[in-house]
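A.B. asks: Encoded as structure tokens, here's the structure I'll be asking about.
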Amino acid sequence: MRTLTYYVATTLDGFIAGSDGADPTGSIITVTPDYLDHVVTHYPETLPGPAREAMGITSPGTHFDTVLEGRGSYQVGLDAGVTNAYPHLRHIVFSRTLGQSPDPAVEIVADDPVQTVRGLKA
């Protein structure tokens, strides 16, 4: 059975987005050089494709092969013009309202997320 790892950037009090649902980077989450060095060294696959490209990161990483996100998180990228923030990973978005994927490599799942995760773990 595959392992499911919950890996998400949060503030100390548990927020993953701004109060308006926007990307919290730079507003409530400050990315410091030491944190970024740690991520690049140990979890390069968790960086979005545009950041990896800008930083010249080509390492595939060793921890994750799939990213799961909800419609709200995915919408942050769409609003920035990014249809697939993680082209180096299998990318699954849970949404009952999105309908068709704006990117052929992004899978939209309208079914029960729990069942989908169980299928991935199996």
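A.B. asks: Any residue that is open to solvent by 50 Å² or more (accessible area, probe 1.4 Å), more than 23 Å from residue 107 (Cα to Cα) and either in contact with a Gly (Cβ under 6 Å, 6 or more places away or on another chain) or modelled with pLDDT of 85 or more (or both) - is there at least one of those in the stretch 7-27?
C.D. replies: yes
A.B. asks: Please pick out the residue among 106, 117, 76 that is at pLDDT 95 or above and surrounded by 13 or more Cβ atoms within 10 Å (Cβ to Cβ).
C.D. replies: Matching residue, one of 106, 117, 76: 106.
A.B. asks: Let me ask another. Scan the stretch 91-108 and give yes if some residue there is touching a residue at least 24 places away in the same chain (Cβ under 8 Å) and touching a Leu at 6+ places or on another chain (Cβ under 6 Å), otherwise no.
C.D. replies: yes
A.B. asks: Residue 46: open to solvent by 70 Å² or more (accessible area, probe 1.4 Å) and either closer than 22 Å to residue 3 by Cα or in contact with a Phe, Trp or Tyr (Cβ under 7 Å, 6 or more places away or on another chain) (or both), yes or no?
C.D. replies: no
A.B. asks: Checking residue 112 against (1) modelled with pLDDT under 95; (2) charged (D, E, K, R); (3) touching a Ser or Thr at 6+ places or on another chain (Cβ under 7 Å), which single condition isn't satisfied?
C.D. replies: (3)
A.B. asks: Ok, one more. Residue 51 passes all but one of (1) of a type in the set (A, V, I, L, M); (2) within 20 Å of residue 4 (Cα to Cα); (3) surrounded by 13 or more Cβ atoms within 10 Å (Cβ to Cβ); which number fails?
C.D. replies: Here residue 51 clears every test but (2).
A.B. asks: So which pairs qualify, if the first residue must be in the stretch 56-70 and farther than 11 Å from residue 44 by Cα, the second must be among the aromatic types (Phe, Trp, Tyr) and not in a loop (DSSP other than H, G, I, E, B), the Cβ gap must be under 8 Å, and the two must be at least 6 apart or on different chains?
C.D. replies: Between residues of the stretch 56-70 that are farther than 11 Å from residue 44 by Cα and residues that are among the aromatic types (Phe, Trp, Tyr) and not in a loop (DSSP other than H, G, I, E, B), the close pairs are 68/94; 69/94; 70/94.
A.B. asks: Report yes if residue 85 is farther than 23 Å from residue 117 by Cβ and not polar (S, T, N, Q), otherwise no.
C.D. replies: Answer is no for this residue.
The values are calculated or read from the model by the stated rules, or taken from the named source; none is laboratory data. Since this is a predicted model, take the numbers as computed values, not measurements. Cβ coordinates were reconstructed from backbone atoms using ideal geometry, including for glycine residues, and neighbour counts include every protein chain displayed. What goes into the accessible areas is simple: the full protein's heavy atoms, side chains included, and nothing from ligands, DNA or RNA. Shrake-Rupley method; radii C 1.70, N 1.55, O 1.52, S 1.80 Å.
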